[in-house]
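Participant: Here's a structure for you.
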Amino acid sequence: ADGISAFLKVIQDIEKDVGKPVDILVNNLGIFHSQAFEDVSDDKWLEYYETNTMSGVRLSRHFLPKMLERNEFGRILFVSSEGALKPLPNMIPYCLSKTSQLSLSRGLA
């Protein structure tokens with residue numbers, strides 16, 4: 001969450017310099033590792049969720065109200081993975097986080 005706060009500060013400075021708000025948000029952050037399901041620690045599960053899902057939640061939650069308020073062009077895109085629909089046995093935490101990201105994008109649509 002601290003990284004998002006710092007990122008948003010930079011974006012606000014850019015918006016001020018450019019004189020125009022963000023109208024397209026591309027959520028493309030993702031991490032993955034190939035690891036057996038039984039070897040993935042709780043901390044690693046949380047890292048996947050925080051990085052792959054919550055980054056998009058936080059950014060969308062920040063930008064969506066501003067886009068709706070302007071009532072002009074605005075788009076939020078999520079770059080997910082085939083793993084969201086066809087999970088791979090050695091990448092279950094990644095695939096689960098991408099499935100939640102897909103659900104988020106469909107919910108916001």
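Participant: Which residues, counting only those in region 64-80, are free of Cβ contacts under 8 Å to residues at least 40 places away in the same chain, under 17 Å from residue 26 (Cα atoms) and open to solvent by 80 Å² or more (accessible area, probe 1.4 Å)?
Facilitator: 68
Participant: Return the residues of region 1-47 that are touching a residue at least 40 places away in the same chain (Cβ under 8 Å), surrounded by 10 or more Cβ atoms within 10 Å (Cβ to Cβ) and more than 21 Å from the chain's Cα centre (by Cα); say none if nothing qualifies.
Facilitator: Result: 35, 37, 40.
Participant: Being in a helix (DSSP H, G or I) and either modelled with pLDDT of 95 or more or touching a strand residue (DSSP E or B) at 6+ places or on another chain (Cβ under 8 Å) (or both) is the filter here, so list the residues in region 58-74 that pass it.
Facilitator: 59, 60, 63, 64, 67
Participant: So which residues in region 17-74 are more than 20 Å from residue 102 (Cα to Cα) and among the small types (Gly, Ala, Ser)?
Facilitator: Within region 17-74, 19, 34, 36, 41 meet the criteria.
Participant: Residue 30 passes all but one of (1) closer than 20 Å to residue 104 by Cα; (2) outside any loop (DSSP other than H, G, I, E, B); (3) of a type outside the set (A, V, I, L, M, F, W, C); which number fails?
Facilitator: Among (1) closer than 20 Å to residue 104 by Cα; (2) outside any loop (DSSP other than H, G, I, E, B); (3) of a type outside the set (A, V, I, L, M, F, W, C), the lone unmet condition for residue 30 is (2).
Participant: Condition first: open to solvent by less than 40 Å² (accessible area, probe 1.4 Å) and closer than 24 Å to residue 2 by Cβ. Can you find one or more residues in region 83-96 that meet it?
Facilitator: Checked against the condition, which is being open to solvent by less than 40 Å² (accessible area, probe 1.4 Å) and closer than 24 Å to residue 2 by Cβ, region 83-96 yields at least one hit.
Participant: Checking the condition within 30 Å of residue 12 (Cβ to Cβ) and either assigned to a helix (DSSP H, G or I) or modelled with pLDDT under 95 (or both), which residue from 96, 77, 46 passes?
Facilitator: Step by step, each of 96, 77, 46 is checked, and only 46 is within 30 Å of residue 12 (Cβ to Cβ) and either assigned to a helix (DSSP H, G or I) or modelled with pLDDT under 95 (or both).
The values are calculated or read from the model by the stated rules, or taken from the named source; none is laboratory data. Keep in mind that this is a model prediction, so the values were computed, not measured. As a convention, Cβ positions derive from the backbone with ideal geometry for all residues, glycine included, and neighbour counts pool all protein chains shown. Each accessible area value is taken on the protein alone, full model and side chains, heavy atoms only, with ligands, DNA and RNA left out. Shrake-Rupley method; radii C 1.70, N 1.55, O 1.52, S 1.80 Å.
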